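Here, each number is a calculation from the coordinates, and none is a lab measurement. Just so you know, these numbers come straight off a predicted model, no measurement behind them. Neighbour counts are summed over all protein chains in view; Cβ atoms, including those assigned to glycine, are modelled from backbone coordinates with ideal geometry.
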Amino acid sequence: MAPRKLAAGNWKMNGDLAALAEVDRLLDAHPEPGCEVLLCPPALLIHPMVGKSRGGVLAVGGQDCHAKASGAHTGDISAVQLRDAGAEYVIVGHSERRADHAEDDAAVSAKAVAAHQAGIVSIICVGETEAQRDSGQTLAVIGAQIAASVPDCATAENTVIAYEPVWAIGTGRTPTNDQIAEVHALIRNDLVARFGDGAGFRILYGGSVKPSNAVEIFAIQNVDGALVGGASLKADDFGAIVAALSAA
């Protein structure tokens with residue numbers, strides 16, 4: 001049986017308690033979505049958002065975690081703490097973390113391991129820069145990131161892969177359908193070659209996903225959902241993406 005498709009929203013450093021009204025609006029409009037729906041708000045909003053999840057209709061996740069379960073790491077949050085707050089997922093290796101905090105593949109892999117040990121599903125992000133795309137390095141870059149960022153303990157149950165071309169995040173630009181298909185096929189083939197059951201892993205596309213292009217993106221082979229940025233902040237926009245994925 002094919003894995004359930006996933007519409008994941010990354011609020012990034014946006015939102016406050018008042019913004020949780022958008023969760024109610026989303027679930028009022030989509031009380032029984034035909035796909036799994038996940039929102040990853042800032043850490044302070046995880047627990048109150050879990051309270052609005054309506055018995056698990058909405059899954060809630062974190063945007064990052066430390067590789068250690070506890071300790072002298074001021075300002076960080078562990079996967080154990082995320083789980084205690086009610087999170088079921090955590091994003092690791094987002095391009096903004098890789099760029100802003102100099103996180104390499106080894107650090108991303110360690111965070112994914114920590115998530116698995118805490119009983120949380122890791123969403124491991126990979127993606128190439130514009131310069132890498134223009135110089136023809138995309139497949140080599142993505143292949144190397146998959147090899148080094150995905151830990152040996154990864155399974156289809158505890159790991160999701162998100163392909164987000166860095167140059168398409170928040171820019172309004174998206175790769176062509178053929179470019180998306182090419183990268184997702186590479187990821188699928190690499191996972192199958194390494195884990196055997198790679199066909200069960202969910203592979204999300206991220207990077208300027210919005211209601212106007214969601215149907216087209218979800219029709220691409222090996223696209224099992226989306227990791228959505230800005231469009232996940234508003235119930236109407238994210239709801240339209242959820243509806244498109246439910247119908248795909």
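Before moving on, here are some points about what is shown:
- Cα extents for segment 111-219 along the principal axes, largest to smallest and rounded to whole angstrom: 36, 30, 23.
- Between the listed residues ALA244, VAL92, ALA148, the Cα displaced farthest toward the positive end of the dipole of the chain, a dipole computed from Cβ unit charges relative to the Cα centre, is found at ALA244.
- Spin-label model, ASN189 to ASP236: label points 7 Å out along the Cα-to-beta-carbon direction sit 4.3 nm apart.
- Each Lys and Arg Cβ is given +1 and each Asp and Glu Cβ -1; about its Cα centre, the chain then shows a dipole of about 280 debye.
- Residues GLU216, GLU182, GLU128, arranged from fewest to most other Cβ atoms within 10 angstrom of their Cβ, appear as GLU216, GLU182, GLU128.
- Taking the inverse of the mean 1/r over every pair of distinct Cα atoms in segment 95-136 gives a Kirkwood hydrodynamic radius of 11.6 Å.
- Where (i) 16.6, 48; (ii) 19.6, 66; (iii) 29.6, 98 are the candidate values, the label of the one calculated here for Rg and Dmax of the Cα atoms in Å is (i).
- Rounded if a/c under 1.5, otherwise prolate or oblate - segment 194-242, Cα gyration tensor axes: prolate
- Charge sum, other residues only, whose C-beta stays under 12 Å from VAL126's C-beta, Lys/Arg counted +1 and Asp/Glu -1: -3
- Given +1 at the Cβ of Lys and Arg, -1 at the Cβ of Asp and Glu and no other charges, the dipole of segment 114-248 around its Cα centre is 140 debye to the nearest 20.
- Summing Lys and Arg as +1 and Asp and Glu as -1 over all other residues whose Cβ lies under 14 Å from the Cβ of THR159 gives a net charge of -2.
- Three-way shape call for segment 1-131 based on the alpha-carbon gyration tensor, with the a/c threshold at 1.5: prolate
- Net charge, GLY75 excluded, C-beta distance under 14 Å - Lys, Arg +1, Asp, Glu -1: -1
- Relative intensity of segment 71-140 on a log10 scale, I(q)/I(0) at q = 0.16, 0.25, 0.27 Å⁻¹, equals -0.62, -1.15, -1.25, per a Debye sum over C-alpha point scatterers of equal strength in the absence of solvent.
- Sorted by Cβ neighbour density within 10 Å, fewest at the top, the residues PHE201, PHE238: PHE201, PHE238
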